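The values are calculated or read from the model by the stated rules, or taken from the named source; none is laboratory data. Everything quoted here is computed from the prediction, not taken from an experiment. Cβ: placed from backbone, ideal geometry, glycine included. Neighbour counts: every protein chain shown. Surface areas here come from the heavy atoms of the whole protein model, side chains and all, with no ligands, DNA or RNA. Shrake-Rupley method; radii C 1.70, N 1.55, O 1.52, S 1.80 Å.
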Amino acid sequence: MLAILVIGLLALLVVFLENTGIAILTPKGIIAEKQKQLLLDATWLMLIVVVPALFLTFFYAWKYRESNEKATHAPDWDQNIVIEAIWWGVPFIIVIVLSIFTWRACYDLDPFLPIHSESKPVKIQVVALQWRWLFIYPEEKIATINWVQFPEKRPLDFEITADAPMNSFWIPQLGGQIYAMAGMRSELHLMADETGTFRGSSANLSGSGFSNMWFTAVSSSEHDFESWASLIRSKAQPLNMDNYHKIAEPNDETRPVYYSLEDERLFEKILMQYMPKERL
Amino acid sequence: MFGRLTLDAFKHDAIEMGANYSMIFAVLLAIGLLTYFRVWGRFWREWVISLDPKKIGLMYIFVSFIMLFKGLFDAGMMRAQQAFSVGASHGYLTSDHFQQVFTAHGTTMIFFVGMGILFGVVNLIMPMQIGARDVAFPFLNSLSFYLFVVGAFLVNLSLLVGEFSAAGWVAYPPLSGLQYNPGVGVDYWIWSVQIAGIGSLLSGVNFLVTIFKMRCPGMTLMRMPVFVWASLGAMILVVFAFPILTATLAMLTLDRLIGTHFFTLTGGGNPMMYINLIWAWGHPEVYILILPAFGIFSEVVPIFSRKRLFGYASMVWAIIAIVFLSFVVWLHHFFTMGAGASVNAFFGIMTMLIAVPTGAKIFNWLFTMYEGRVRFETPLLWFLGFVIVFVTGGMTGVMMSIAPVDFQVHNSLYLIAHFHSMVIGGVVFGFFCGFSYWFPKFSGFKLDERLGRYAYYCWMLGFMLAFMPLYVLGLMGATRRLDHYDAETGWQPLFLVALSGIVFIIIGMSFQILQLLVSFRDRKKNADLTGDAWNGRTLEWATPSPPPFYNWPVTPEVYGRDAFWAMKERKTQKPLQYAPIHMPKDTAMGLYIALFAFCVGFGLIWYMFWLAIVGVVGILACLIIRLADHDTTYYVSVKEIEKIEAARLK
Amino acid sequence: MRHDPHAEADSLTIFGFWVYLMTDCLLFGSLFATYMVLHNSTHGGPTSKELFSMPFVLVETLALLTSSFTCGLATRAASLNQKKQLFFWFVATFLLGALFLGMELHEFHDFIKEGNSWERSAFLSAFFTLVGTHGLHISIGLLWMIVLLVPVMRHGVTPLSMRRLTCFGLFWHFLDIVWIFIFTIVYLMGVS
């Protein structure tokens, strides 16, 4: 009875998933693509141990059930060095293989590692606020709230900090996250493979407005990106350290807002607020 | 005089008031029943002041059950909120309330259910399994229990007076610091965990000394039941890990109370230091919880396979390996904090390594069933459920130990599904397994089998429904701890499925409560008259059900593993020569010290510093009085022993 | 089976006390780790070099080390049941311990008076907490000494008080060892 229910639910799940899409398994960026591959490779390796373990559990429980008089009963058999060697040894070897994968992947996919590409990277500075995300483009001289747009197929160099409790900067379809911490500067390097609109969020509890901390990430063509940036630069209200303090106050407003950047060193100044005095 | 305590602290919304009225009603009901049946005297004499580890163990489990109920209720509230708080609707809970609920849920489940059932079972079973009569320090045992109760009480009190923390069960600064959370919530969290934590630390010392020093003659370390080895491993972890928690909580307290800069954003503080310290405790903590569960399975599987445990030595070495490894993996809780490739890789590899001894244990249990005679009674069902849930959960754990994969799933619902698989599949199922197995020993009758099965199936189904969708949700980009999300995410259907899961879990718990009532009603029919309800192998089954307070009239002597099995096979009974038994006198001092500890905690939470000082002075005074008391033990006379033994044989 | 309640209790209590000391070791270990991470975070305030007075700390240290020595002599006197000697060496231990504590409080007071309390910087927070926790343990030790001495003076050295004296000795020597670490890591390394 239980089996039927489980299978039924799994079937429902498959149907559901076909129609909704799973962000991490449908990557739109090269980092997320590599991470997905790693996830799947590791899964297959693990299944080498897990499938026999689960199968044997039920097989043995069934075969050696009390009512089965025909099965051998060896009540005192409790040792066999060969079998022990197998189930200590095989998993250990799998761990060694996985370790090699892990070691390589940790270096390959280090968030601080820039992406090799012929195209020039786009520098985007990110500040986690309460409870919104501020994106600063020092080269394009604009700033946005809860909306980060960038050209496809160009490396994105994110520099991340916070003016709030610890947050985590995450765009699942493009790649994994990294913590956003006040007084610290994290880096994340992503690149979108195609155009599209993706959902980003914070992945670390940062106070009562935490659920508001999601944002829209848009990958557009080079041309669309340029025109978007110049439109904002020409039309939007200016942002500098003075009116920055206003937007850094705890706020429920999640709608995107756009600014032209008056102070190229705004990000550094926000960071410096938390630096120990002797560094100045 | 009242510090920052004002009448405002008693103002709550309707849901909180509902909870408060229920709590108050429950307390009044308990007081009413105790008064109506006129058992206050008995309650005090036989339970409150008792130093009998069997009684203390039962009290731990009783309190844990109450906290489990509260924790499940919190879970239900969370699932209900997340199932309906989509798009324009913001559910029925405010963000702040929701955050208090999940913080209370985690804190309750880890500290006041997990640790409670752990210490409960170890108290009940370990002394008997090593042929002892008590633990090394019976007074300390009682004190540890009451410190645990005070911790649980503080969590519940926060519902009525003030508020609880909304910073998560691990309370990362700077969110948990004064700047972002100046209210009493985080302080309640700190003191409930700190006080209970000191109780745990004392128990760790207590049980460690007991296992090393109080084994009966002939019981060498390699002849101990695996449950005792598992408890030893857990206690070693307690003794090494809990001081780190004490120190870390103390530093957070100093930050909040006297303006130090350990974890603040100003003054040179370093929140990352807290994260390192808290997980240096936190990771061993989860192994503290799981090792005794493994121990329980090592007891149950052989009995329900009518076969010796496969690979005893291997099991012991696996425990030792797990104990060592659990101290070098803590960074996997924050791969995303940016430690760098080599550090992340090292900790990831260490984490994967733990899967090896853990997996070996699973295979050992499997091969215990192999060529055995497996009987599918409730305890074995819980074991089978554990294998499915724990192994799949463990698999996802190894996947997350690969840092770049973790970058995607860290703090998502994938993580939540993983650790609930481990804690529910491992710790909770292990406890239920042990509960149905050892219940006859302490009550004198077996539990109703049929209701036990129904409970198990409901829990299994409920667990699957509640947590399998969460793996998918995590992969869909759903972060943990969200009280609201947009409809475009497409997450709602899965949250609805998860909600149905908790409904089944609650039905499962209801079956368990019904099972207790029905089994009590049918106790004469299912009575365990021999003390050996399942044809057991270990020493606890050599006592009557329930055992006398001194466990053994004569301390047993042991000549190998599975000591009781050997006794049964030898069949010869040496005539027993009784001698007076040295037992500790019951005392209320543990309760009093804990009450003063409550004064310290409550006083510091509300800035009622005079109360905190009263608490400190009170604790010192009680300790001095206790130390000055030289009359803390007594002897049970031979006549008394003969009387008790004779009554049992009738 | 012969049953010697005292030998049994000795074995359990003393082993248990060692285990407790190990946990205390870990507590100090956490505070040391924190100190080492934070000791350069002076936030514009004074550094260890500017603050610490080595001659002063040296005298403090000698007082504490000597008190460990007198404690050992006291324990020896107790095992030989020499009440007068026990009293003398015990009081010496107490006075030296009190001197240590007094000097430490004086050092703290001076820092606070100059505006360099634990609120000034993370370095000072870590300093006050690490050294202060040690001082708190010393205070408890001093109280313990009084509580121990009273029954011994009244009833003489019994197996119970011998056991407790032994535990106290372990505690006192342990605090000495922790101080040596503090002296080295906080003070010596701080001024070099």
Next item on the list: Return one quarter of the surface area of the convex hull spanned by the alpha-carbon atoms of chain B, equal to its mean projected area, in nm².
Entry: 29.4
Notebook entry, point to check: With charges set only on the Cβ (+1 for Lys and Arg, -1 for Asp and Glu), what does the dipole of the protein assembly as shown come to about its Cα centre, in debye to the nearest 20?
Noted result: 3900
Check: Dividing the convex hull volume of the alpha carbon atoms of region C:1-150 by its residue count, what do you get in Å³ per residue?
Finding: 124
Checklist line | Cα-based helix-to-principal-axis angle, B:53-84 vs chain B, degrees rounded to 10 | finding: 30
Next item on the list: Just the number, please: percent antiparallel of the DSSP beta bridges in chain A, rounded to the nearest 5.
Entry: 65
Item checked: Subset of B:Lys568/B:Lys639; A:Lys34/A:Lys153; A:Lys36/A:Lys120; B:Lys307/B:Lys361; B:Lys525/B:Lys568 violating a 19 Å alpha-carbon distance limit -> B:Lys568/B:Lys639; A:Lys36/A:Lys120; B:Lys525/B:Lys568
Next item on the list: Would you mind checking which residues have amide H under 5 Å from B:Thr555's amide H? H placed 1.01 Å from N; only 5 or more apart, or other chain.
Entry: none
Note to self: In whole Hz and in residue order, list the ³J(HN,Hα) couplings for region B:371-387 that follow from phi through the Karplus curve 6.51 cos²θ - 1.76 cosθ + 1.60, θ = phi - 60°; x for Gly and Pro.
What the structure shows: 6, x, 10, 7, 10, 8, 7, 3, x, 6, 4, 4, 5, 5, x, 4, 4
Notebook entry, point to check: For region B:1-120, rounded, prolate or oblate, judged on the Cα gyration tensor with a ≥ b ≥ c (square roots of eigenvalues), a/c < 1.5 rounded, else prolate if a/b > b/c?
Noted result: prolate
Next item on the list: May I ask you to list the aspartates and glutamates whose Cα is less than 17 Å away from that of B:Lys643, ignoring any residue fewer than eight positions away on the same chain?
Entry: none
Checklist line | Dipole magnitude of region A:122-279, debye to nearest 20 (Cβ charges: Lys/Arg +1, Asp/Glu -1, about Cα centre) | finding: 260
Notebook entry, point to check: Using alpha carbon centroids, what distance separates region C:72-123 and region A:175-254, in Å?
Noted result: 57
Next item on the list: Would you mind computing, in nm to one decimal, how far apart the modelled labels at B:Glu46 and A:Glu187 are, each placed 7 Å from Cα along Cα→Cβ?
Entry: 7.1
Margin query: Just to verify a number: FRET efficiency for B:Ala88 and B:Ala30, C-beta to C-beta distance, R0 = 30 Å, to 0.05?
Written below: 0.10
Notebook entry, point to check: To the nearest 100 Å², how much accessible surface do chains C and B cover up together, summed over both, with a 1.4 Å probe?
Noted result: 2900
Next item on the list: Treating the angle as unsigned and between 0 and 90°, give the value, to the nearest 10°, between the Cα long axis of helix A:222-235 and the longest Cα principal axis of chain A.
Entry: 40
Next item on the list: Apply 1/(1 + (r/R0)^6) to the Cβ-Cβ distance of B:Met1 and C:Val150, taking R0 = 51 Å, and write down the FRET efficiency to the nearest 0.05.
Entry: 0.90
Notebook entry, point to check: Can you give me the relative contact order of chain B as a percent, contacts being Cα pairs under 8 Å and 6 or more apart?
Noted result: 17
Notebook entry, point to check: By its C-alpha gyration tensor, with a ≥ b ≥ c as the square roots of the eigenvalues, how is the protein assembly as shown shaped: rounded for a/c under 1.5, else prolate for a/b larger than b/c, else oblate?
Noted result: oblate
Check: Cα gyration tensor of chain A, axes a ≥ b ≥ c as square roots of the eigenvalues: rounded (a/c below 1.5), prolate (a/b > b/c) or oblate?
Finding: prolate
Item checked: Spatial separation of Cα centroids for region C:128-180 and region B:403-458, in angstrom -> 45
Next item on the list: Given a cut-off of 27 Å, name the pairs among B:Lys213/C:Lys83; B:Lys54/B:Lys446; B:Lys441/B:Lys585; A:Lys123/A:Lys235 whose C-alpha atoms lie farther apart than that in the structure shown.
Entry: B:Lys213/C:Lys83
Notebook entry, point to check: If you put +1 on each Lys and Arg Cβ and -1 on each Asp and Glu Cβ, how big is the dipole of chain B around its Cα centre, in Debye rounded to 20?
Noted result: 2220
Checklist line | More than 23 angstrom apart: percent of Cα pairs within region A:188-280 | finding: 44
Margin query: Just to be sure I understand the model, the point goes 7 Å from the Cα along the line to the Cβ. What's the resulting B:Arg450 to C:Leu136 distance in nm?
Written below: 5.8
Margin query: Just to be sure I understand: of the beta bridges DSSP finds with both ends in the protein assembly as shown, what percent are antiparallel, rounded to 5?
Written below: 70
Next item on the list: Report, by chain and number, residues whose modeled amide H sits under 5 Å from the one on A:Ala192, excluding near sequence neighbours (fewer than 5 apart, same chain).
Entry: A:Lys153, A:Arg154
Note to self: Probe of 1.4 angstrom, ligands and nucleic acids ignored: what's the accessible area per residue over the protein assembly as shown, in square angstrom?
What the structure shows: 39
Next item on the list: Would you list which lysines come within 28 Å of B:Lys11, measuring only between C-alpha atoms, while excluding same-chain residues fewer than 8 positions from it?
Entry: B:Lys70
Check: Using a Förster distance of 45 Å, how high is the FRET efficiency between A:Lys120 and A:Phe55, based on the Cβ-Cβ distance and rounded to 0.05?
Finding: 0.25
Check: Summing -39500 (n - 2.57) over the DSSP H runs of n ≥ 4 in chain B and dividing by its residue number, what mean residue ellipticity at 222 nm do you reach, to the nearest 500 deg cm²/dmol?
Finding: -22000 deg cm²/dmol
Note to self: Can you list residues from other chains, or at least 5 along the same chain, whose modelled amide H is less than 5 Å from the amide H of B:Phe310?
What the structure shows: B:Thr368
Check: Once both axes come from the Cα atoms, what is the angle between helix A:2-20 and the longest principal axis of chain A, in degrees from 0 to 90, rounded to 10?
Finding: 30
